[in-house]
Amino acid sequence: MNVDTKITISEEDISFTADYNESYSYEEDCCGGLVCDEKSSLHFNSIFIPVLYSLVLVVGLVVNGLVLVVLWKKRLSLNVTDIFILHLSIADILLLLTLPFWAVEAVKEWIFGTALCKLAGALFKINFYCGIFMLSCISLDHYLSIVHTVQMSSRKKPMVIHCCCLMVWLFCILLSIPEWIFLVSVNDSRRDKIECVMFYPSYYWPLYTRLLYHILAFALPALIMLFCYSCILLRLRRGYQGMQNKRAIRVIVALVLSFFISWTPYNITLIIDTIKNNNINSNNQISCESTTPLNVAFTITYTLGYLNCCVKPVLYIILG
């Protein structure tokens, strides 16, 4: 694939861009009209990201591979949760396979061209959302099974559950449309390197996509999980104490807790960045000293969030 579109953009041309991991930030971080120096954060990224991504990639592929082996051995007796876990592991593996691209970009620059930029960014977005939505589906299944005693596995064929998962995949593909359209290989003259970033036609697009991320990737799944497991815990206190269900609850509660622990710091950082950007837009006053710590916080929080791809299958194997 020899598509290598490179766009050179000066500091005056960049009004608002965003990188593949949804950490949208102004590229004109200014302090008294001067562009803030990001050499410190870029140096940190070039060391921290490759090391952590390499660890996550190796461990994640191994543990998710083990989950797939276990599910393959019991493929003739998969229940609803097993099917969702199957699709969850597939989404995690596909997400993990995009990490080497971002590691190379952190160390050097984006050397893969615009076509692979769009493909890698879209795959990341699809599988990122899919992993979160599958956890929500698992929560809803346990809520129906325990609270309302609706056994999906007993009244629906496994193929029907796979079709439900397919609908989730299709919805995630729709959510990746902005990546297919706006991701480009850009030569950022300020950072003196080529990057794979979102280049939007207007200022408001990044704000809308960030709001969509907060709602679909964190707030809505969090509310679903909290509601489902609050109702389940109340039901268990009333005597619904089947060993099979108690074991399943331990697995899923652990998965949900790992989700919150992994992604809550990143969402808090994202909210802080939104407030900072609004301040820039309103009065153009921001301290350059606050830029580097925030960029480093972004790097730490979203890369540590990817550890969730390793933690989920480990919890499933140990507890399930």
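Just so you know, all these numbers are worked out from the coordinates, no wet-lab data involved. Owing to the predicted nature of the structure, the values given are computational and were not obtained by experimental measurement. Ideal geometry is used to build each Cβ from the backbone, glycine not excepted, and the neighbour counts take in all protein chains shown.
Computed values, structure above
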| item | result |
| --- | --- |
| Label point distance in nm, R190-L304, each placed 7 Å from Cα along Cα→Cβ | 2.7 nm |
| I215 versus M167: modelled label distance in nm, points set 7 Å from Cα along the beta carbon direction | 2.0 nm |
| Which listed pairs, of K39/K118; K39/K193; K73/K125; K108/K193, have C-alpha distances above 19 Å, in listed order | K39/K118; K73/K125 |
| FRET E, pair I47, S77, Förster distance 56 Å, beta-carbon r, rounded to 0.05 | 0.75 |
| Virtual spin-label span in nm between L223 and V160, 7 Å along Cα→Cβ | 2.8 nm |
